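Report on the structure given below.
Just so it is clear, none of the values below were taken in a lab; they were calculated from the coordinates. As the structure is a prediction and not an experimental result, all values here were calculated from the model. Virtual Cβ from ideal backbone geometry, glycine too; neighbours counted across all protein chains shown.
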Amino acid sequence: MNLSPLQKARYEYVPKLPGMLRAGISEICVKDGEATASVADQDKIKALFPNTYGKNEITFMKGQNTSAAKKQVVGVILSGGQAPGGHNVICGLYDALKATDKSNVLLGFKGGPSGLIDDDFVEFDDAFIDAYRNTGGFDIIGSGRTKLETEDQFKIVTEVAKKHGLTAIVIIGGDDSNTNAAVLAEYMAANNTGVQVIGCPKTIDGDLKNEDIEASFGFDTATKTYSELIGNIERDANSAKKYWHFIKVMGRSASHVALECALETQPNICLIGEEVAAKKMSLSQIASQIADSVEKRGNAGNNFGVAIIPEGIVEFVPEFSKLIAEINELLAGANTEKFNALPDWDAKYKFIEEGLTKESMSVFAILPQLIQQQLFLERDPHGNVQVSLIESEKLLSALVKDELEKRKKAGTYKGKFGALHHFFGYEGRCAFPSNFDADYCYSLGYNAFMLIQYGYTGYLSKVSNLSKPAEDWVAGGMPITKMMNIERRNGEDKPVIRKALVELDGEPFKYFAANRDKWAVETAFTYPGAIQYYGPSEVCDLTTRTLALEHMA
């Protein structure tokens, strides 16, 4: 296999563990914390998880290992979208398992949760694992989006576990995947299968976090990757001095990625969906806000700039959310076929006009035709608009252009406006993990095995104090049920992990809000450059600006 010099060097990188995990497996003990309760809907969550609810948080410490010695056969899956560092979670899990007992076995089930159902797996050995240390991607065993949530699925997984003598299953995934892990853990406990289930927090979107989980893995690497690209574009904009770049970044349900990239690069504009929702901003108000920056800069001779747009911005706009809900209702059932059978866009437009309320039609009418048509593209499996397909960066630049033309006619705007569009998503999901993510993920995997060894189930592997050097990180575990509440999903009340949104009273947003008016007018760009893997610790082990601001001393 041909390897780049960086690949070869990264294979040799030795991830840093928290101090309490460095003593050796035989010298790691457990300190019990307080009993836990779910973040909301306590009675309902407790009733759904009678065997795994209310357990104590725990912390690992240096001390005599008191766990019962037994052979462990552990299964692991990668679930959901890729995030840098997933390979190192598996490597840390494998190393801890083998350090405890060479006869322990780690099975990797292929293609995500479906691998457990289909009994499609590989048994890891040293050579297999060594080829993936400190690398990006999920190609070690692949991933998938199958959900483990039905009794029939649980029965199949139980049979597969029994067939291979599994003592534990580790699910590496985001909020939905770890919700499934909690439900599977409850099933395994209720049916006395003897199989433990442990989760690991993954998502580049940054929305799987709380007072216990300070960061989901992959967020650090992905935002640094996007920030490098945004910084490059800023440098180009400041050189060419003739384009406004509208850059959409990952983050449908929360704006953590956009905010972090803004903190890293200081663009002229960054929209935060949570603020848009809180202020009940309309599309016209958003376009006007961006146009203000374009006008002031253009009138000063600076006909260029950068605007960062979170992927899910339109879902935070109340009037747009109402429009989408009405469209979903309009095309319910047989109406979809009726709509699709109409001969041309004019006929379809008339159908839409007759079916929407006056308020929603006024919003629909101001949209560029391209965006109007995107709202009626192929539906998702539930028959709803696929909001992720809407090119919101093009929508907003078109609305800004219309607003600027009005201002030019009024004589207030004297500049020139040309827009370019970008979407940074897949570029960050499989990047070589930063030293932070390489260390964090390896620690999560190593720690996951310690939870297994001590007999815990329904727990999330937890590593905290992340703004400090790795030596000072704190390893332990928390019951997944602590993060759960009841939400309405597909017409039913479901227990789910609550997504973490950008906190408008949090330090990262407050810092951004205090500086954005200046950034909107001045050319205050900063250029983070590429992720650094070798060199001074203050450069190579740098945490995200979000994490640093959240944990300022």
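Structure summary
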{"item": "Range of Cα positions in the range 431-552 per principal axis (Å), largest first", "result": "54, 43, 27"}
{"item": "Separation of the T66 and D505 label points, Cα + 7 Å toward Cβ, nm", "result": "4.1 nm"}
{"item": "Kirkwood hydrodynamic radius over Cα pairs of the range 484-553, then Stokes diffusion coefficient at 4 °C and 1.567 mPa s, in µm²/s", "result": "81 µm²/s"}
{"item": "Pairwise centroid distance, computed over Cα atoms, of the range 26-42 with the range 141-183, Å", "result": "23 Å"}
{"item": "Cα-Cα pairs of the range 222-333 separated by more than 25 Å (percent)", "result": "29 percent"}
{"item": "Rounded Å value of the spacing that divides the Cα centres of the range 76-124 and the range 196-267", "result": "27 Å"}
{"item": "Alpha-carbon radius of gyration plus Dmax, which is the widest Cα pair, for the range 12-80 in Å", "result": "16.8, 49"}
{"item": "Estimated Rh, the range 330-400: Kirkwood, alpha-carbon pairs, angstrom", "result": "13.0 Å"}
{"item": "Calculated on alpha-carbon atoms, Rg and Dmax of the range 35-171 in Å", "result": "16.7, 48"}
{"item": "Cα-based Rg and Dmax for the range 104-168, where Dmax is the largest Cα-Cα distance (Å)", "result": "12.8, 37"}
{"item": "Kirkwood Rh in Å, taken over all unlike Cα pairs in the range 405-469", "result": "16.9 Å"}
{"item": "Label point distance in nm, N210-D119, each placed 7 Å from Cα along Cα→Cβ", "result": "3.7 nm"}
{"item": "In degrees, nearest ten, helix 86-100 long axis to first principal axis of the chain (Cα)", "result": "10 degrees"}
{"item": "Cα-based helix-to-principal-axis angle, 392-410 vs the chain, degrees rounded to 10", "result": "30 degrees"}
{"item": "Ellipsoid equivalent to the range 211-262 - semi-axes via the Cα gyration tensor, in Å", "result": "27, 11, 7"}
{"item": "Fraction of beta bridges assigned by DSSP in the chain that are antiparallel (%, nearest 5)", "result": "40 percent"}
{"item": "q = 0.05, 0.06, 0.09 Å⁻¹, the chain: log10 I(q)/I(0) [Debye, one scatterer per Cα]", "result": "-0.23, -0.32, -0.72"}
{"item": "Taking the C-alpha atoms of the range 114-260, convex hull volume expressed per residue in Å³", "result": "148 Å³"}
{"item": "Cα-Cα separations in the range 47-92 greater than 12 Å, expressed as whole percent", "result": "81 percent"}
